[in-house]
Amino acid sequence: MNAAAAPAPLPQAKECCPTSTRKRIEFKHALLVDVREKDELEKLALDVPDLLNIPLSDFERRFKEIPRDRQVIMVSADGHDSLRATYYLMREGYEDVLNMTDGIAKWILRGFPVKGDCSGFKLDVNAGGCCSAS
Amino acid sequence: MLIKVLGPGCAKCKRVEQLTREALAELGLAADFEHVTQLEQIMAYPIMTTPALVVDEVVKCSGRIPSKDEILAWLKQ
């Protein structure tokens, strides 16, 4: 019996920096989905008008809460877990999903608003390179 | 038989491969091994977490290191 064929690799995920993320929230009504655990979110969260929290540990069960008719930007501490979630949604057929590069760490380094205490948050990502840098 | 270990190549991935090779030896079976490390390829499978073990393109487990007994049962199927 022949083995099943390997699934085709997914296309490379789209990424956006924190500055672009803010523009997408304002002009494209993008929804941010934070995949950190609830206790992490309670300590520190992005101060944005609309944020959905679906922890990675529960993502497979709850991802259907994410709307398909809206641009979605995935967020995590450093952009790695959210990239995984981005690919998961792409495989599930979500067409307008992006990953926020370097995650909340980059958001903080850009000086963008947060709720909670930034002290102790791991900020070892590239501080430069965001598109608002001039 | 084609065995794939999905993951970045960390110690857990290597442990999954080691256990699988031991299980194959116990059963007297041969298999080709492939490590899938690219996220675009890993996430094409229906998993969220690694390491993952795939036998003939069927995901047997993900997000943990399976026991050798589990692997033996999968390889016998």
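The values are calculated or read from the model by the stated rules, or taken from the named source; none is laboratory data. It should be emphasised that the depicted structure is a prediction, and the values quoted were computed from it without experimental measurement. Every residue, glycine among them, receives a Cβ derived from its backbone with ideal geometry; neighbour counts consider all protein chains shown. In case anyone asks, the SASA skips ligands and DNA or RNA and just uses the protein heavy atoms, side chains included. Shrake-Rupley method; radii C 1.70, N 1.55, O 1.52, S 1.80 Å.
Key figures for this structure:
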{"item": "Answer from A:Ala13, A:Ala85, A:Ala77, A:Ala45 - the residue that is open to solvent by less than 20 Å² (accessible area, probe 1.4 Å), more than 14 Å from every other protein chain (Cβ to nearest Cβ) and under 13 Å from the mean Cα position of the chain (by Cα)", "result": "A:Ala45"}
{"item": "Number of positions in region B:12-67 that are closer than 17 Å to A:Pro9 by Cβ and open to solvent by 70 Å² or more (accessible area, probe 1.4 Å)", "result": "6"}
{"item": "Check on B:Leu6, in contact with a Pro (Cβ under 7 Å, 6 or more places away or on another chain), farther than 16 Å from B:Lys76 by Cα and among the aliphatic types (A, V, I, L, M)", "result": "yes"}
{"item": "Elements of type helices (runs of 4 or more DSSP H) contained in region A:6-102, each with 1 or more residues being closer than 27 Å to B:Val5 by Cα", "result": "A:59-62, A:80-91"}
{"item": "Residue that is farthest from the other protein chains (Cβ to nearest Cβ), among those in region A:16-42 that are farther than 19 Å from A:Phe63 by Cβ and among the hydrophobic types (A, V, I, L, M, F, W, C)", "result": "A:Phe27"}
{"item": "Selection within region B:19-54 - among the aliphatic types (A, V, I, L, M), in contact with a strand residue (DSSP E or B) (Cβ under 6 Å, 6 or more places away or on another chain) and within 14 Å of chain A (Cβ to nearest Cβ)", "result": "B:Ala31, B:Val36, B:Ile42, B:Ile47, B:Ala52, B:Val54"}
{"item": "Failed criterion for A:Asp69 (all others in (1) more than 21 Å from B:Ile42 (Cβ to Cβ); (2) touching a residue at least 60 places away in the same chain (Cβ under 8 Å); (3) among the charged types (D, E, K, R) hold)", "result": "(2)"}
{"item": "Flag if A:Glu60 is surrounded by 13 or more Cβ atoms within 10 Å (Cβ to Cβ), out of contact with any strand residue (DSSP E or B) (no Cβ under 7 Å at 6 or more places or on another chain), within 12 Å of another protein chain (Cβ to nearest Cβ) and at pLDDT below 95", "result": "yes"}
{"item": "Residue in region A:88-123 that is farthest from the other protein chains (Cβ to nearest Cβ), counting only those that are in contact with a Ser or Thr (Cβ under 9 Å, 6 or more places away or on another chain) and aromatic (Phe, Trp, Tyr)", "result": "A:Phe112"}
